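The values are calculated or read from the model by the stated rules, or taken from the named source; none is laboratory data. What you see is a predicted model, and the numbers here were worked out from it, not measured in a lab. Cβ: placed from backbone, ideal geometry, glycine included. Neighbour counts: every protein chain shown.
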Amino acid sequence: MKKYFFILIFIPIFTSGQQFKLGFDTGFSYVRVKDKEGKTNGLYSDSFLPVTFNLNLVYFFNKKNALRFKIGETLLSSTFNGLEIGLDAQYYLKSKFHVLLGGHFHSNEATGPTTPHGDYYSKIYFLKTGLGYRFSTYFILELNYFYSLYENKPLYYYFFGENHKTVSYMLRLNFAFLWDL
């Protein structure tokens, strides 16, 4: 076991182009929910799309492979607010395009007391995939798809006899800004 541990520690030494980048991103989300019968629709009674603000730390193993950690908060939605943590691997297809795959955690702390439904405090786990394009050294635009791992995890419910709503999937458009460390 120690042999594998030391190999994993020293792999970055043998790669070229190692680099850390630090930055932030903001994203606009479209959350698709479904009911017990499987009917889907967007978030109910929200006048704003959920907006996310994250801090990013990216480690580039070389020019083609990177690992990104992000932590932040989703705001401006009455049913989809809370802490978010993500980890994803990025692979750069060309110098400007990249694809990513990773995991994402959302701790829902919905704050909708004036809406006609009740909210849950839920922990929601997602698998994430996406495509990004680097416009400049510092600015990246990404489109991400989040698939909920727990389709029966309730997000909110209606007071007027309708059933619980669960997260089906989420789309997010991210605007990321990164600088070398």
Q.
Considering only residues that are crowded, with 20+ Cβ neighbours inside 10 Å and in a strand (DSSP E or B), which ones fall in the stretch 50-59?
A. Thr52, Asn54, Asn56, Val58
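Determine whether the stretch 40-47 contains at least one residue that is at pLDDT 75 or above, out of contact with any Gly (no Cβ under 7 Å at 6 or more places or on another chain), surrounded by 15 or more Cβ atoms within 10 Å (Cβ to Cβ) and closer than 20 Å to Asn174 by Cα.
So far as the stretch 40-47 goes, no, none of its residues is at pLDDT 75 or above, out of contact with any Gly (no Cβ under 7 Å at 6 or more places or on another chain), surrounded by 15 or more Cβ atoms within 10 Å (Cβ to Cβ) and closer than 20 Å to Asn174 by Cα.
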(Q) Looking only at the stretch 155-181, how many residues end up being in a strand (DSSP E or B) and at pLDDT below 65? (A) 3
